[in-house]
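Just below is one structure, and these are the notes that go with it.
The values are calculated or read from the model by the stated rules, or taken from the named source; none is laboratory data. Predicted model, so just to flag it, every value in this text is computed and none were measured. Glycine gets a Cβ as well: all are built from the backbone with ideal geometry, and neighbour counts include every protein chain shown. The accessibility values were calculated without ligands, DNA or RNA, using every heavy atom of the protein model including side chains. Shrake-Rupley method; radii C 1.70, N 1.55, O 1.52, S 1.80 Å.
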Amino acid sequence: MSKLSQLHIKLMPYIIWALRIIIGITFIISGLTKMIDVWGFTYKIEQYLNVWGWEITRPLIVIAAMSLSAIEFVIGVMIFAGCYKRTAVWIGSVIMAMMLPFSAYIMIANPVDDCGCFGDFLIISNIGTFIKNIFISFGIIYLCINNHKKNGLFHPYVQWAVASVSYIYILIIGFIGYNVQPLIDFRPFKEATSLVNNFTQDNSDFEFIYEKNGIKQSFNITNLPDSTWTFIDRIETKSTTDNNNADNKFIIYDTNDNDITTETISNDGKQLLILVPEIEKANISYSFLINEMNNYITQQGGNLIGIFATKDKNKIEHWADISLAQWPIYLAEDTSIKELARGKIAVVYLEEGVIKWKRTLSSIPSDIFSSNKNDNPLSLLHTNGERQFLYLSLAFIAITIIFSIFNWIIMSVKSHFSRKNKKKNVTLQNEIIIK
């Protein structure tokens with residue numbers, strides 16, 4: 001045996017554990033961040049599908065997003081802890097067998113700006129994603145060959161329980177993120193953010209599309225064409241000198257495409273924003289609750305406005321007629337609405353223009369604004385997502401520690417009886433020899 005082989009054998013336990021930790025944490029973070037913001041991951045999948053021209057219903061995409069996130073997280077925990085030493089790494093290798101060529105594709109074709117591997121928590125380039133996946137693939141191949149040669153943290157008697165708790169934990173986070181709001185907000189418009197300080201934007205951030213004789217051409221604010229051209233559209237662009245500020249702007253328009261943000265977002269008093277990023281998918285039956293909210297906030301001296309992501313005036317008029325809306329409806333870019341809050345219909349509560357809370361409309365009890373028992377329903381609707389995430393994570397860690405203690409007790413008892421039986425066998429052998 002060569003010296004290199006001897007050195008490898010000596011270092012193998014350390015290599016195995018180093019790869020378990022690195023690859024395990026990578027899978028854990030990838031699955032966790034996507035499940036926290038399962039809406040964001042769903043939108044990312046839809047981006048890919050739109051590029052490829054595939055049409056798949058939203059419920060199936062949500063199921064796929066949650067399933068993939070849960071699998072990544074649980075497999076990450078199993079690899080990290082050394083549980084199911086063969087099964088976990090082989091499942092991980094199957095995932096990487098799909099992700100490596102896929103990341104090569106997005107690096108070459110560049111169908112989207114980023115792969116969405118870690119949601120909005122960590123955005124890396126498509127090239128960086130491909131390089132990352134190369135290293136992970138080599139590491140997981142090594143574990144496929146050698147992972148079984150080093151014991152994990154848990155005995156087979158216990159590791160099924162660790163996998164089950166991991167699965168339950170990640171599903172709870174996903175269900176809260178989908179039905180209420182992400183427990184941790186990785187986007188620009190977090191709670192305590194002032195929309196009043198973020199809506200300043202000038203016309204230099206736009207391209208103006210005009211048409212003449214069937215030819216469309218874009219112009220900026222400094223070189224608009226003469227009256228013989230017909231205005232078609234205005235497209236928001238990002239300033240090359242201030243990308244961060246451009247990302248943090250939430251702009252509201254009227255039906256004539258005029259920026260009316262300063263007239264609609266109040267820096268004084270209470271305000272409710274009803275956000276509808278996709279009017280086709282919004283359930284109009286919730287309009288009764290919206291009207292109840294409007295009546296309540298009006299009595300409190302505030303106001304409620306609707307913000308829709310559509311330029312189809314007929315759809316807006318249809319919604320207003322069917323819902324008997326007594327509140328104004330304005331427009332915003334769908335991306336901006338999705339950045340502000342998640343959900344088919346989302347509600348954002350402001351005080352003096354500062355975000356106090358946000359949640360999906362479906363998560364608000366239908367009678368909370370009409371019940372006399374609630375003196376201040378707006379305060380009751382606030383939930384501290386980061387605190388909930390902390391409590392859930394601490395509970396998950398505590399249960400895992402309990403399993404570790406239980407695992408140690410099992411191994412200690414087993415070791416005790418093994419030593420006792422071994423000692424007994426030695427004694428019997430000595431007695432036989434003496435006889």
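So the values come out like this:
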{"item": "Average accessible surface area per residue within segment 22-126, 1.4 Å rolling probe, Å²", "result": "44 Å²"}
{"item": "Alpha-carbon centroids, segment 29-74 and segment 253-299: separation in whole Å", "result": "28 Å"}
{"item": "Cβ-defined net charge surrounding Thr57, 15 Å radius [Lys, Arg +1; Asp, Glu -1]", "result": "-1"}
{"item": "Accessible-area composition of segment 337-377, carbon plus sulfur, in percent [1.4 Å probe]", "result": "37 percent"}
{"item": "Cα gyration tensor shape of segment 1-107, rounded if a/c is under 1.5, else prolate or oblate by comparing a/b with b/c", "result": "prolate"}
{"item": "Area accessible to solvent at Glu292, 1.4 Å probe radius, in Å²", "result": "40 Å²"}
{"item": "Lysine pairs within segment 266-343, Cα separation less than 18 Å, 8 or more sequence positions apart or different chains", "result": "5"}
{"item": "Percent accessible area from carbon and sulfur atoms, segment 19-88, protein chains only, probe 1.4 Å", "result": "72 percent"}
